[in-house]
Every structure is written in structure tokens, then in C-alpha cells.
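To start, the structure itself, in C-alpha cells.
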Amino acid sequence: MPEEPEPTPSAPPLAAAPPLAPPPARLRKSPWRWPLRLLLLAILVGGVVALRATVLKPKPLQVRVSAVTRGKVEATITNSRAGTVRARRRSKLSAETGGRVVAVHFKEGQRVEAGALLVELSDDSQRARLLAAQQALHVAQAQRNEAHVRATRAKRELKRNTALAETRIITPDQLDSLASAAEAAQAGFESARARVSQATAEVAVAEVELRKCRVVAPFGGVLAEVSVEVGEWVTPAPTGIVVPGVIDLIDTRSIYVSAPMDEVDSAVIATGQPARVSLDPYPGQTFPAKVSRVAAYVLDVEAQNRTVEVEVELEDSAHAAKLLCGTSADVEVILKVRPDTLRIPAAALVEGERVYCVSDGHIVERQVEVGLKNWDWIEVTSGLKEGEEVVTNLGLVGLGPGAAVEVLK
């Protein structure tokens with residue numbers, strides 16, 4: 001019989017693991033742990049929100065507002081650079097001859113009339129020449145009178161003897177001699193008359209030379225400058241060389257303002273248009289004027305800023321006479337006028353034809369349509385109503401739609 005296999009010895013049974021000890025009390029889960037955490041988180045978030053709402057909340061911007069009103073609006077253009085007060089008649093006078101100054105009759109700032117004697121030079125030699133010329137004229141006139149008497153006598157003698165020749169009392173030869181004598185006497189008279197004319201011309205030349213020693217006002221005005229004193233020597237200007245004058249005379253009745261305008265505006269400027277002039281010596285004042293001349297060409301002194309010169313004359317000629325030549329001035333040429341229209345201050349318009357209004361403490365943007373405009377006012381044709389308020393101090397940092405603002409009273 002086959003042998004049965006021996007049984008394999010079995011492993012001894014494992015001992016049972018001892019039971020786990022309970023966790024310590026500090027590691028046991030509390031049923032209030034998560035609700036407590038949520039409460040702390042809510043408190044933290046609420047504190048941050050409260051901090052932002054109180055301490056960290058930005059202060060509202062302080063804005064100024066202006067009401068939409070009705071009034072006059074003008075379309076104007078202004079000079080691109082400062083203009084200048086000028087005079088249409090201004091002369092720098094000097095003597096026509098050289099000499100020592102013996103008299104200065106007026107001082108700077110004084111008003112003179114046309115023909116007034118301003119400066120005299122030493123004229124002794126000119127007076128001597130004039131006296132000599134006058135004496136020569138007297139001699140020539142006496143010789144002319146004497147020649148006239150001889151010519152008249154010779155004519156009368158010829159006439160009388162011509163009648164006698166018909167009765168054969170005198171011979172033809174005698175008559176020819178009388179005729180020749182009459183012709184010679186007449187020729188002597190004509191020569192004497194020519195010498196009188198020559199002497200008269202010499203007197204006129206001497207008088208002209210004497211007048212050259214005087215500086216006379218060619219027109220009435222104010223002496224802006226007197227640059228000569230008694231005893232100084234004055235030299236005439238050589239031909240082709242400009243020498244500074246001794247007197248600067250300004251006609252204050254011909255004052256005007258010359259101002260450069262941008263070339264792009266030259267097509268809309270015309271003589272006769274109304275204008276306003278502002279002068280530095282009269283801050284806050286403007287003076288009515290009219291365009292009297294528009295230059296026929298464009299100045300290109302500055303390649304990037306070509307201009308056309310415009311001249312305006314003040315309507316108040318009495319005030320114009322008080323202005324000093326050389327004073328800087330600004331000119332506004334008025335192109336169109338709306339006497340009664342809705343308007344807002346020019347400072348209230350945002351780029352893109354928009355304005356800012358205030359609603360419930362915040363900025364609200366409004367689109368508008370505009371018409372005439374100038375530096376002060378802008379016409380509003382739609383988008384706003386009379387009495388509505390617009391913000392005017394647009395330069396505040398952070399100012400824009402939705403910004404919190406506070407209106408300054």
C-alpha cells in the first residue's frame with residue numbers, strides 16, 4: 001500500500017493586538033471648532049470692510065460748478081504772439097547840415113505843433129552868404145532899372161527919328177544907327193533882367209542853406225526823444241548811410257495796434273471787422289477797435305509759425321493818443337456774435353464735446369453739441385438746459401465719470 005504523506009506542521013496562532021489607548025483630551029475633536037473659525041473669519045472680514053469704509057475710504061473730490069445761462073457768445077480769433085502799439089507817422093529828425101547846436105527849444109515828452117522850431121545850429125556863415133546874395137540882388141535890380149531906362153529912351157528916340165526920316169531931315173545911316181542903339185539898349189535890359197533872376201536864385205539858395213541849420217517839426221506830435229544838447233556838434237548823414245536822428249517825433253493821432261495772426265485764420269479776417277484790444281498797462285480792461293488793414297502776404301520769419309500781420313485802430317481816438325508806442329497788446333478779432341444763447345464757461349468743456357455734471361455726489365458725463373466759442377464762453381446747442389450745473393475745475397486728479405465729489409459752496 002502506498003505511504004501516506006506526513007502532515008505539514010501548522011504555524012502557531014498569532015496573539016491578539018492590544019487595544020489602542022484613547023487620544024489625549026486636547027486632540028479630541030470639538031463640535032464648536034469650525035463654527036468658531038467661521039466666526040473669527042467673519043469678524044476679520046468685517047473689520048477690513050469697516051476699515052476701508054472709514055479710515056481708508058478716499059475723500060470725495062471738491063469741485064466747482066457753474067450754471068448753464070443765457071447770454072452773448074462771440075466767435076473770436078486772437079494773435080499768435082503779443083502785438084505792439086505803433087504810430088503811422090513817426091519821424092527821427094536830424095539837421096540837413098553839420099554845425100554846432102546853439103538852441104534846443106523843447107524837451108522830451110512835450111507836444112509840438114507842425115512847423116515848430118525844435119533845434120537850431122550855428123548859422124553865422126549861412127547868414128553872411130544870404131546877406132551877400134541879397135546885396136547882389138539889390139545891385140542887379142538897380143542895374144536892371146538903369147538898363148530899362150536906357151532901352152526905353154532908345155526906343156523913344158528911334159520912334160521920333162523914324163518920323164523925321166520920312167521928311168528926309170535925317171539920313172538913313174543915322175536912322176540905322178539909332179535902331180542899332182535901341183536894340184543894344186534892349187539887349188542890355190534883358191541881360192540885366194537875367195542877372196536879377198540869377199541873383200534872386202542865389203538868395204533862394206542862401207535861404208535854403210540857412211533853413212538847413214534848423215530842425216522843424218513836419219507834423220504835430222509828441223517828442224519821444226531829444227538826443228542832442230546845446231554845444232554839441234551835429235554831423236549830417238553821408239549819402240547811403242543812416243545816422244540816428246536828434247529828435248524822435250510821434251504823431252499820437254495816428255496810433256494803431258499791429259498783431260500777428262496765425263496764417264490759418266487769414267481767410268476769415270477782413271477790414272472793418274470789430275475787434276477788442278487788451279493792454280498790459282490797463283489790466284482787466286478791453287478797448288473796442290476795428291480792423292484797418294490785413295497784410296497782403298504771410299511772414300515766414302519762423303518756419304513753424306507763419307503769421308499774417310493785422311492792424312487795428314481803437315475807436316476811442318482820445319484814449320489812443322495816450323498810449324505809448326512799443327506797448328505790448330493782445331487783439332481779438334470778432335467774427336460772429338450770438339446775442340442771446342445757452343452758454344457754459346469755456347473751462348467746463350471736456351475734450352470730445354463733453355461736460356461733467358454732479359448727481360448724488362458722483363460725476364455723470366453728458367454729451368453736448370457746441371456752436372460759437374471763445375476763451376471765456378462756449379455756446380451749447382443741445383445736451384444741456386438752462387439752470388443745469390457743470391463742473392469747471394477739470395484739472396483735478398481722478399476726476400471722471402463715477403468719481404465721488406463734493407460741490408464747493
Seminar exercise, completed: Projected onto the charge dipole of the stretch 68-141 (unit charges on the beta-carbon of Lys, Arg, Asp and Glu, signs +1, +1, -1, -1), the Cα from 114, 95, 75 with the largest positive-side position is that of 75
For this session: Would you list which lysines come within 21 Å of residue 336, measuring only between C-alpha atoms, while excluding same-chain residues fewer than 8 positions from it?
Result: 72, 290, 373
Exercise. What shape does the stretch 95-217 take by its C-alpha gyration tensor, where a ≥ b ≥ c are the square roots of the eigenvalues and a/c under 1.5 counts as rounded, a/b above b/c as prolate, and the rest as oblate?
Worked result: prolate
Exercise. Which part of the stretch 189-215 falls in the paramagnetic zone of residue 103, meaning amide N under 17 Å from the point 7 Å along Cα-to-beta-carbon?
Worked result: 210-215
Seminar exercise, completed: Of all chymotrypsin sites (Phe, Trp or Tyr not before Pro) in the stretch 316-399, the ones in DSSP coil with at most 11 other Cβ atoms within 10 Å are 375
For this session: Place a +1 charge on the Cβ of each Lys and Arg in the stretch 257-409 and a -1 charge on the Cβ of each Asp and Glu, then give the dipole magnitude about the Cα centre in debye, rounded to the nearest 20.
Result: 240
Exercise. How large is the dipole of the stretch 95-176 about the Cα centre if only Lys and Arg carry +1 and Asp and Glu carry -1, each at its Cβ, rounded to the nearest 20 debye?
Worked result: 420
For this session: Would you list, by chain and number, the aspartates and glutamates whose Cα falls below 16 Å from the Cα of residue 155, excluding same-chain residues fewer than 8 positions away?
Result: 146, 176, 183, 190
Seminar exercise, completed: As straight-line cross-link partners of residue 107, the qualifying lysines (C-alpha separation under 19 Å, not fewer than 8 residues apart within one chain) are 92, 322
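Each value in this text was obtained by applying a stated rule to the coordinates, not by laboratory testing. Every value quoted in this text rests on a predicted model; they were computed, and no experiment measured them. Neighbour counts are summed over all protein chains in view; Cβ atoms, including those assigned to glycine, are modelled from backbone coordinates with ideal geometry.
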